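Heads up: the structure comes next, in structure tokens.
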Amino acid sequence: DKNTPVSVSLGTGRTAVAVSAGESHTCAILDDGSLKCWGYDNYGQLGDGGSNTDKNTPVSVSLGTGRTAVAVSAGGYHTCAILDDGSLKCWGYDTYGQLGDGGSNPAKTTPASVSLGTGRTAVAVSAGEYHTCAILDDGSLKCWGYDASGQLGDGGSNTDKNTPVSVS
């Protein structure tokens, strides 16, 4: 533990343009659009495709060929990023469907695509403890993941969703 700020080495000549701190991990978008994460990695929330090993120095997240990050949000034990083409990818803990990829909810150590609807792109994302929400390019709002207390806002039966649902 530190009670004064410490420097984080992001690579030679690189600077951070955005940062998000989750439960026990942190991610930063660098000035070249690359994304790096560090900290607790028990569920793959660092996105490095590794063996869920905690990292005390930043590791690179592969976003896909030619893709860069424009926004990032670190949740409880998962992370989501909006890419330069408006697509959205999430990785890490997925027991409640918070990755939004429609899968069977295993944790993912690499980014998984979230389907936002035909022709839709993301303009903002916020990852909570066990759920995620995104504002889309048409101003609509979609959420997915844990819904025991109605946090998805869909007016439904408080059932977890592993794909995005519309918020009225």
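Here are the numbers:
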{"read-out": "Check on Thr57, open to solvent by 40 Å² or more (accessible area, probe 1.4 Å) and over 18 Å from Ser24 (Cβ atoms)", "value": "no"}
{"read-out": "Residue that is over 15 Å from Ile82 (Cβ atoms) and either of a type outside the set (Asp, Glu) or in contact (Cβ under 8 Å) with a residue 40 or more places away in the chain (or both), where the choices are Gly100, Gly145", "value": "Gly145"}
{"read-out": "Pick from region 115-151, criterion closer than 21 Å to Asp41 by Cβ and not in a loop (DSSP other than H, G, I, E, B), ranking: farthest from the chain's Cα centre (by Cα)", "value": "Gly145"}
{"read-out": "Hey, Thr57 over 23 Å from Tyr146 (Cβ atoms) and free of Cβ contacts under 8 Å to residues at least 24 places away in the same chain or not", "value": "no"}
{"read-out": "Residue in region 26-49 that is at pLDDT 95 or above, at positive phi, over 17 Å from the mean Cα position of the chain (by Cα) and open to solvent by 40 Å² or more (accessible area, probe 1.4 Å) present", "value": "no"}
{"read-out": "Any hit, region 97-108, residues being closer than 16 Å to Gly22 by Cα and in a strand (DSSP E or B)", "value": "no"}
{"read-out": "Test: residue in region 2-11 that is touching a residue at least 12 places away in the same chain (Cβ under 8 Å), under 15 Å from Cys90 (Cα atoms) and aliphatic (A, V, I, L, M)", "value": "no"}
{"read-out": "Pairs where the first residue, in region 80-96, is under 13 Å from Thr132 (Cβ atoms) and the second is assigned to a loop (DSSP other than H, G, I, E, B) and acidic (Asp, Glu), C-beta under 6 Å, 6+ apart", "value": "Tyr96/Asp160"}
{"read-out": "Residue ranges of strands (runs of 3 or more DSSP E) in region 1-93 with at least 3 members among the small types (Gly, Ala, Ser)", "value": "16-21, 69-74"}
{"read-out": "Of residues in region 1-25 being touching a Gly at 6+ places or on another chain (Cβ under 8 Å) and small (Gly, Ala, Ser), the one surrounded by the most Cβ atoms within 10 Å (Cβ to Cβ)", "value": "Gly22"}
{"read-out": "Extreme residue, modelled with the lowest pLDDT, among residues of region 92-124 that are crowded, with 17+ Cβ neighbours inside 10 Å and aliphatic (A, V, I, L, M)", "value": "Ala107"}
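The values are calculated or read from the model by the stated rules, or taken from the named source; none is laboratory data. Note that the structure is predicted; figures quoted are calculated from it, not measured. Quick reminder, even Gly has a Cβ in these numbers, built from the backbone with ideal geometry, and neighbours come from all protein chains shown. Side chains are part of the model used for accessible areas, which takes the heavy atoms of the whole protein and leaves out ligands, DNA and RNA. Shrake-Rupley method; radii C 1.70, N 1.55, O 1.52, S 1.80 Å.
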